[in-house]
Every structure is written in structure tokens, then in C-alpha cells.
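This report concerns only the one structure given below.
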Amino acid sequence: MLVRRKMIRERALELLERFGVEQAPVPVDDLARRLGAKVVKQDAPDELSGFVLREPTKGVAIIGVNARHHPNRRRFTVGHELGHFLLHEGERLHIDRQWTGYQVKLRSEQSSAGTNVDEVEANLFAAELLMPISFLNTDLAKFARLTLTTEEKIERLANKYEVSQQALTVRLTSLGYIQQ
């Protein structure tokens, strides 16, 4: 599976720089809006986290997010869908006739399974956007001086970044800060 890690990190960092985001929490809904995507939060079945709906001919995009999910999960979903929006523009899934001409990307249980390249890339984009390495380096240096347990540090950092402790732990592990 070929995941474009370097390019994804660069795209996320360019986006943060372009809109002057210098610290956590990243205003992901605002970034989506500034990129031309409307974020809509509505109740949905639990297995559906979100989707991207595009009408390429009109330049319109909607990121739908399950309003029933925890706010941190909703933030990750917006980041994930932004990943699809920015990285997978050419892929189309047409669903019934009333939606002809629209592109749809769903965030579902398959997204976290790690078996689909597009889903892995969208998750990586969300992690790079919401928990940029430069922000983490700065915050981890500050937290190193605190006499807290690792769990307490992860909880505080997760709260600061407005992400789940699980998402932060996965990110810190992938960056080599936490050994398995």
C-alpha cells in the first residue's frame, strides 16, 4: 500500500500556514469553510461519521458530519473529509439518479480499518492537520517539565488539541514519541 505521507504532511502544513494557524486547537471547521466547503452537522446512524458531497460543475462542496458523535470525533471527521476533498478530487462515486454528477466520500468503519489507501491517506491528513508535528514538538517540550504521568500528559494534550486520547496516542506513536 503506497501512502503519500510526505506530500500529505506538506499539504496540511501549507494549509495551516496559508490561513495563519499557529497553535492548537486547529479551527478545522473554519478551514473547511475557507476552502469552499460547507460543514453541515446532522444526526445520522452511528456507523456513519461523515461524507463529502461535491458538485464539480458548480464548485460546491458539503462536508456532512454526524452530530451525534463526540465533538472531538466530529473534528477528526471534518479533517478526514478535508483530506478526501483535497487529496482525492478525481474519484467519483455516483449514487442514484437524483445525485448524478455529485461525488460522495463516506467516513465509516472502513475508514479506520487501514485497508483502503484513500481512507488511510484521509486519516493521515486529519492527524497531520489537527496535530501537526511542529505544534506537538513545542507542546511536548513544555509538558516534559511537568511532573505528570504519561496518561495525564496525554489527557491534557488531547484536551488542548480537541482530539481523542486515542487519536493523540496513535499520532504520538507514529511519530516515535511513544514506544509500543
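The values are calculated or read from the model by the stated rules, or taken from the named source; none is laboratory data. Treat the numbers as computed from the prediction; the structure is a model and nothing was measured. Here the Cβ positions follow ideal geometry from the backbone for every residue, glycine too, while neighbour counts run over all protein chains shown.
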#### Entry: Scan of region 161-180 for residues that are of a type in the set (A, V, I, L, M, F, W, C) and touching a helix residue (DSSP H, G or I) at 6+ places or on another chain (Cβ under 7 Å), ordered by number
163, 167, 168, 175, 178
### Query
Since residue 155 meets every condition but one in (1) surrounded by fewer than 18 Cβ atoms within 10 Å (Cβ to Cβ); (2) at pLDDT below 95; (3) more than 23 Å from residue 55 (Cα to Cα), which condition does it not meet?
(2)
